[in-house]
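*Asks:* Here it is, the structure in full.
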Amino acid sequence: MLAPALDTLRLTLHVLAATVWVGGQIVMMGMVGPSRTLGPGATKALARAFARMAWPAYAVLVVTGFWNVSTFHWSAQSGAWKAVLIAKVIVVAAAGLGFLLHARSTSRVGLAVWGSLGGVASIAALVMGVLLAG
């Protein structure tokens, strides 16, 4: 009786964290332009506020991601499933690294390049998660 409740908790936490991490990035993309009209520091203030929610969500994604994988029997999975899982782990790491470098960047080019890498990798990880679940 406990297993379905734990599965529900695990999947709910994972999806909720993905909505914050990936969905929040999409919302932030839409807010950057308009926030510039609020003053020179508005965009950075919004980014810092988002980071306070996004990084814990990323941590929850990683923890629940490993928890998700622990529920599968490796030998029972196809080669394609295993390849997608390995690629997803790499892409999740790239997303985190991209946004870490984005947060530390001091140039507009760096912000654009690292933010784009982090965003594309985050969306790719989301798609791979759907593939693995299906």
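Each reported figure results from applying straightforward, stated rules to the coordinates on display, with no laboratory input. The structure displayed is predicted, hence computed values, not measured ones. Here the Cβ positions follow ideal geometry from the backbone for every residue, glycine too, while neighbour counts run over all protein chains shown.
*Asks:* In terms of the Cα gyration tensor, with a ≥ b ≥ c the square roots of its eigenvalues, is the chain rounded because a/c is under 1.5, prolate because a/b exceeds b/c, or oblate?
*Replies:* Prolate is the answer for the chain, as a/c is 1.5 or above and a/b outweighs b/c.
*Asks:* Kindly provide the helix-only [θ] at 222 nm of the chain, computed as the sum of -39,500 (n - 2.57) over DSSP H runs of four or more divided by all residues, to the nearest 500 deg cm²/dmol?
*Replies:* About -28500 deg cm²/dmol.
*Asks:* List the chymotrypsin sites (Phe, Trp or Tyr not before Pro) in the range 49-122 that DSSP assigns to loop (not H, G, I, E or B) and whose Cβ has at most 14 other Cβ atoms within 10 Å. Which are they?
*Replies:* Passing sites in the range 49-122 are Phe72.
*Asks:* A further question on this structure: Explain nothing, just the number: relative contact order of the range 2-133, from Cα pairs under 8 Å at least 6 residues apart, as a whole percent.
*Replies:* Result for the range 2-133 is 26 percent.
*Asks:* Now for a separate question. Would you grab the residues whose amide H sits under 5 Å from the one on Ser105? Only those 5+ places off in sequence or on another chain, please, with H modelled 1.01 Å from N.
*Replies:* For Ser105, whose amide H was placed from the backbone, there are no distant partners under 5 Å.
*Asks:* Still on this structure, I have one more. Roughly what angle does helix 42-70 make with the longest principal axis of the chain, taking Cα atoms, 0 to 90 degrees, to the nearest 10?
*Replies:* 10
*Asks:* Now a separate question. Roughly how tilted is helix 108-133, in degrees to the nearest 10 and between 0 and 90, from the longest Cα axis of the chain?
*Replies:* 20
*Asks:* Then there is this: For Lys88, Lys82, which order do you get if you count the other beta carbons within 10 Å of each Cβ and list the fewest first?
*Replies:* Lys82, Lys88
*Asks:* Next question. With angles folded into 0 to 90 degrees, how steeply does helix 79-104 sit against the dominant principal axis of the chain? Use alpha carbons for both and round to 10.
*Replies:* 20
*Asks:* Considering only Ala42, Ala124, Ala87, give the residue with the highest GNM mean-square fluctuation for the chain, with springs between Cα atoms whenever their separation is below 10 Å.
*Replies:* Ala42
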